[in-house]
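Below you'll find the structure, written out as structure tokens, and then a few comments.
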Amino acid sequence: MPPVFRFAPSPNGYLHLGHAYSALLNFERARETGGRLLLRIEDIDATRCRPEFEAAIYEDLVWLGIDWERPVRRQSEHLADYRAALERLSALGLVYPAFESRAEIAKLVAIREADGPWPHDPDGAPLYPGESKSLPADERSRLIASGVPYALRLDMAAACQRAAGGLTWSELGEGLDGARGIVPARPEAWGDVILARKETPTSYHLSVVVDDALQGVGEIVRGQDLFHATSVHRLLQVLLGLPEPAYRHHRLVCDAEGRKLSKSSGSTGLRELRAAGIMPAGIRQLVGLG
């Protein structure tokens, strides 16, 4: 079977040079190996994803000379797949509803930090400090029935215990701190991560491992900003009985100040560079693929 690769952007803004670099790397890996390239639209965030951004993704990729297999998988059309995975984890006793709002969590963290530093995850966010995990079942049911918003969290300690045996992954690319080869996974560093919310039946962590397995992706080429998240993904793959892909994390494209390009910070989009007269070959040079 030919290897399968994927480029999976979110239509919550226009593609920038960092996206172009990742898409081109996936495209070239597929060509080098005689593999297949899939395009996945990660549009589970209905509040930020917009049709015009999705249309622009297709336009930008065609302009770059990138082709992919059809049909495109759009996450919003496959919510039942994520719900089934969540139900499987729930049946294992690994999921619980947490009812604290973001503001309440911030207050709880501040209280705990009065006694000393509170742990943070690899992305810098404080670990979940709440006590919803210890709520009696009838109290959980009462809160849910009364309409209180909640997030469904993974009981990380129980999950790691169930997946005991030393989680690792195969790193083929540019792992952080020079990590390469067999890398130990440390999902416990993330605490009780969110798997879904009352209004959204999945999260990035859950949907990405389900999608990659269903689409047969064998080598995941993505940025170093997701290197540490691989620990959570490997844990979920083991818990759900999903295949283990190889990972190839690549360097990030940064601005003149050394900051990672992002949609939220208004990084210059490919459509603006195209309007300024830059050609696809120029894009390749800008991202170091000249």
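Residue by residue, what Karplus-based ³J(HN,Hα) values in Hz, rounded to whole numbers, does the stretch 145-157 have, using 6.51, -1.76 and 1.60 with θ = phi - 60° and x for Gly and Pro?
Once θ is set to phi - 60°, the couplings for the stretch 145-157 become 5, 7, x, 5, x, 8, 10, 8, 10, 7, 6, 5, 4 Hz.
Given labels modelled 7 Å from the Cα in the Cβ direction, how far is it in nm from residue 77 to residue 259?
Distance between label points: 3.6 nm.
Short version: ³J(HN,Hα) in whole Hz for each residue of the stretch 76-93, in order, from phi by Karplus 6.51 cos²θ - 1.76 cosθ + 1.60 (θ = phi - 60°), x for Gly and Pro, what are they?
Per-residue couplings from phi come out as 5, 9, 10, 4, 5, 5, 6, 5, 5, 5, 5, 5, 5, 5, 5, 5, 7, x Hz.
Put +1 on the Cβ of every Lys and Arg and -1 on every Asp and Glu Cβ in the chain; which of 8, 238, 185 then has its Cα farthest towards the positive end of the dipole?
Farthest along the dipole direction, towards plus: 8.
Got a sec? How would 57, 66, 278 order by Cβ neighbour count within 10 Å, fewest to most?
Listed from fewest to most nearby Cβ atoms, that is 278, 66, 57.
Would you mind ranking 160, 254 so that the residue whose beta carbon has the fewest other beta carbons within 10 Å leads the list?
254, 160
Please report the antiparallel percentage of the DSSP beta bridges confined to the stretch 79-245, to the nearest 5.
100 percent
With angles folded into 0 to 90 degrees, how steeply does helix 230-240 sit against the dominant principal axis of the chain? Use alpha carbons for both and round to 10.
Relative to the chain, helix 230-240 is tipped by roughly 60 degrees.
Name the most mobile residue of 35, 18, 124, meaning the one with the largest mean-square fluctuation, in a Gaussian network model of the chain with Cα contacts below 10 Å.
124
Between residue 95 and residues 5 or more places away or on another chain, which pairs have amide H atoms under 5 Å apart, with H built 1.01 Å from N, and which residues are they?
155
Tell me the relative contact order for the stretch 79-245 as a rounded percent, counting alpha carbon contacts under 8 Å between residues six or more apart.
27 percent
Evaluate the charge dipole of the chain about its Cα centre and quote only its size in Debye, nearest 20, assuming +1 on the Cβ of each Lys and Arg and -1 on the Cβ of each Asp and Glu.
300 debye
Find how much the distance from residue 47 to residue 62 grows on full extension, using 0.36 nm per residue of separation minus their present alpha carbon separation; answer in nm with one decimal.
Taking residue 47 through residue 62 to full extension adds about 2.7 nm, to one decimal.
Residue 74's amide H: which non-local residues (gap 5+, or another chain) put their own amide H closer than 5 Å, with H modeled 1.01 Å from N in plane and none for Pro or chain starts?
Counting only residues 5 or more places away or on other chains, the set is 41.
As a check on your grasp of the helix formula, calculate [θ] at 222 nm for the chain: sum -39500 (n - 2.57) over DSSP H runs of n ≥ 4, divide by the residue count, round to the nearest 500.
Value at 222 nm, helices only: -11000 deg cm²/dmol.
Report the relative contact order of the chain, percent, no decimals, based on alpha-carbon pairs under 8 angstrom and at least 6 residues apart.
Averaging sequence separation for qualifying contacts and normalising by length gives 24 percent for the chain.
Return the percentage of antiparallel bridges among DSSP beta bridges fully within the chain, rounded to the nearest 5 %.
Percent antiparallel among DSSP bridges in the chain is about 50.
Distance between Cα centroids, the stretch 225-252 to the stretch 9-64: provide it in whole Å.
Centre-to-centre distance over Cα atoms comes out at 20 Å.
With a cut-off of 8 Å between alpha carbons and a minimum separation of six or more residues, what is the relative contact order of the stretch 185-290 in percent?
Worked out over the stretch 185-290, it gives 23 percent.
Considering the zone a paramagnetic label at residue 186 would reach in this model (a point 7 Å from Cα along the Cα-to-Cβ line), which residues of the stretch 93-131 have amide N under 12 Å from it?
Within reach of a label on residue 186, which here means backbone N under 12 Å from a point 7 Å along Cα→Cβ, the stretch 93-131 contributes 120-123.
How much length is gained if the chain between residue 137 and residue 118 is pulled fully straight, taking 0.36 nm per residue apart and subtracting their Cα-Cα distance, in nm to one decimal?
Full extension from residue 137 to residue 118 adds 4.0 nm.
How would you classify the stretch 79-245 from its alpha-carbon gyration tensor, with a ≥ b ≥ c the square roots of the eigenvalues: rounded for a/c under 1.5, else prolate if a/b is greater than b/c, otherwise oblate?
oblate
Could you put 169, 68 in order, starting from the residue whose Cβ has the fewest other Cβ atoms within 10 Å?
Neighbour counts put them in this order, fewest first: 68, 169.
Nearest 20 debye, what's the magnitude of the dipole of the stretch 27-186 about its Cα centre given +1 on Lys and Arg Cβ and -1 on Asp and Glu Cβ?
In total the dipole reaches around 500 debye.
Give the long-range amide H neighbours of residue 168: residues separated by 5 or more places, or on another chain, with amide H under 5 Å away, using H modelled in the peptide plane at 1.01 Å from N.
Result for residue 168 returns 185.
Once the Cα atoms of helix 102-113 and of the chain are each reduced to a long axis, what angle between those two axes, in degrees from 0 to 90 to the nearest 10, is obtained?
Value to nearest ten degrees: 70.
Where a number appears in this text, it was derived from the coordinates with a stated rule and is not lab data. The shown structure was predicted, so the numbers you read here are calculated from the model rather than taken from an experiment. So basically every Cβ, Gly included, is an ideal-geometry build from the backbone, and we count neighbours across all protein chains shown.
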